[in-house]
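As structure tokens, the structure follows; a few thoughts come after it.
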Amino acid sequence: MSDPLPIVLVPGLNCSARLYAEQIPALWRFGPVFVADHTRDDTISAIARQILAAAPPRFALAGLSMGGYISFEIVRQAAERVAKLALLDTGARAESPEQTQMRGPRIELARAGHVAEVSDSLFPILVHPNRHNDEALKSLMRTMAEEVGAEAFLRQQQAIMARPDSRPGLSAITCPTLVLVGDGDAATPPALSQEIAAAIPGARLVVVPDCGHMSTLERPQAVAEALVDWMRS
């Protein structure tokens, strides 16, 4: 076994540390595991700076969805500190006007303090169709939303809407990179992951079958295995 390498995990929008609960036991053997706090700032750059300030000097970095947007920014700010990169169910493109418009009703719900309703309204978009009736998964996602809270959700939405286009910097990423996506991801479709993997030299693309956007929760073992292979690469 090589020297321990710390691992920093960045959750997605409206997600808490529970997002990675099933993967952490598989990862801890490689080094200490940290789940980043992405709730306290309202720009991707500020969130990345705060995570870097709290992170070890050099680490493996994994992010899902919004966590991927933040991971791109962490690499832009401090590429020399990122030994490995895993991008789960994410995209490299900037926000489109259509995406911003779709966020409006959920932003209004959050402003009114209805975090559970925000989570429930997102659920059918975020999970594979075969999980739409999975009440345990729906409850877990509602719990994470309550842990994040309405104010942090609104900050996260603001950060996501103003995120930069990360595509121009992809070819400069030189660390071992895993790009993983659920085959039924409707929020960030597989084509977006294919675009990322094609642009990062040597990146490995993993498409998880029967899986939506919330891959770490929907197919925890498959994601854990992919992350273990990534850490061993």
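The values are calculated or read from the model by the stated rules, or taken from the named source; none is laboratory data. These figures come from a predicted structure and were not determined experimentally. Heads up, the Cβs are rebuilt from the backbone with ideal geometry, glycines too, and the neighbour counts pull from every protein chain shown. For the accessible areas, the whole protein counts, side chains as well, though only heavy atoms, and no ligand, DNA or RNA atoms are used. Shrake-Rupley method; radii C 1.70, N 1.55, O 1.52, S 1.80 Å.
Miscellaneous remarks
- Degrees, to the nearest 10: 135-148 long Cα axis against longest axis of the chain: 80
- Anisotropy class of the stretch 148-233 from Cα gyration tensor, a/c 1.5 cut: oblate
- Surface composition of the stretch 23-114: carbon and sulfur atoms hold 56% of the protein heavy-atom accessible area at a 1.4 Å probe.
- Mean residue ellipticity (222 nm) of the chain, computed from DSSP H runs ≥ 4 via -39,500 (n - 2.57), nearest 500: -14000 deg cm²/dmol
- Calculated on the Cα set of the stretch 1-40, radius of gyration then Dmax: 11.1, 36 Å.
- Projecting the Cα atoms of Ala162, His213, Pro189 onto the dipole axis of the stretch 157-233, where Lys and Arg carry +1 and Asp and Glu carry -1 at the beta carbon, places Ala162 farthest toward the positive end.
- Computed accessible area, Met161, all protein chains, 1.4 angstrom probe, square angstrom: 60
- For the chain, accessible area per residue (1.4 Å probe, heavy atoms of protein chains only), Å²: 43
- The order of Trp28, Trp230 by accessible area, most exposed first and with a 1.4 Å probe, is Trp28, Trp230.
- Placing +1 on the Cβ of every Lys and Arg and -1 on the Cβ of every Asp and Glu, with no other charges, gives the stretch 81-219 a dipole of roughly 520 debye about its Cα centre.
- In this calculation the C-beta distance from Met161 to Ser2 is compared with R0 = 30 Å, giving a FRET efficiency of 0.15.
- Percentage of interatomic Cα-Cα distances in the chain larger than 21 Å: 52
- Principal-axis tilt of helix 150-161 within the chain, Cα atoms, nearest 10 degrees: 60
- Only Lys, Arg (+1) and Asp, Glu (-1) charged, at Cβ; the chain dipole about Cα centre in debye: 580
- With the whole protein complex present, Thr143 retains an accessible surface near 40 Å², based on a 1.4 Å probe.
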